[in-house]
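J.: Take this structure first; my questions come after.
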Amino acid sequence: MPITNEQILKDIFMAVFELEEDFDVTKIRRITMPSWDSLALTSIVAGMESEFSIQFDTNDFEHMTSYAAIQEILIQKGL
């Protein structure tokens, strides 16, 4: 079965935040995840740019406040 974009995004979050496999990454929000700092966001963005071959602009960064928000940005970019 081919890997989905959603699974790739989950894998990026799990790697950046060093989460256990059974952790529900879909519930992650910047305000509830103490380790979500500028370095974590940079790592998430770098992972997505590498995996999805896309670029983000400053406006995108401002809206990257949760897993769900990032997923929505990817959908808007056609992924």
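The values are calculated or read from the model by the stated rules, or taken from the named source; none is laboratory data. Since we're looking at a predicted model, the values are computed, not measured. With ideal geometry, Cβ positions are generated from the backbone for all residues, glycine too; neighbour counts draw on all protein chains shown.
J.: Give the residues of region 23-79 that are hydroxyl-bearing (Ser, Thr, Tyr), more than 11 Å from the chain's Cα centre (by Cα) and closer than 15 Å to PHE13 by Cα, sorted by residue number.
T.: Answer for region 23-79, where residues must be hydroxyl-bearing (Ser, Thr, Tyr), more than 11 Å from the chain's Cα centre (by Cα) and closer than 15 Å to PHE13 by Cα: THR32, SER35, SER38, SER50.
J.: Inspect region 37-52 for any residue being among the small types (Gly, Ala, Ser) and either at pLDDT below 95 or in contact with an Asp or Glu (Cβ under 6 Å, 6 or more places away or on another chain) (or both) and give the result as yes or no.
T.: Narrowing region 37-52 to residues among the small types (Gly, Ala, Ser): 38, 40, 43, 46-47, 50.
If we keep only those that are either at pLDDT below 95 or in contact with an Asp or Glu (Cβ under 6 Å, 6 or more places away or on another chain) (or both) too, we end up with 38.
Checked region 37-52: at least one residue is among the small types (Gly, Ala, Ser) and either at pLDDT below 95 or in contact with an Asp or Glu (Cβ under 6 Å, 6 or more places away or on another chain) (or both).
J.: When you scan region 54-79, how many residues do you find that are basic (Lys, Arg) and on the phi > 0 side of the Ramachandran plot?
T.: Selection size over region 54-79: 0.
J.: Moving on to the next point. With the requirement that a residue be of a type in the set (S, T, N, Q) and out of contact with any Phe, Trp or Tyr (no Cβ under 9 Å at 6 or more places or on another chain), what does region 15-42 give you?
T.: Residues satisfying the conditions are THR32, SER38, THR42.
J.: Quick one: in region 1-12, of everything that is among the polar types (S, T, N, Q) and either in a loop (DSSP other than H, G, I, E, B) or free of Cβ contacts under 8 Å to residues at least 40 places away in the same chain (or both), which residue is nearest to TRP36 (Cα to Cα)?
T.: It comes out as GLN7.
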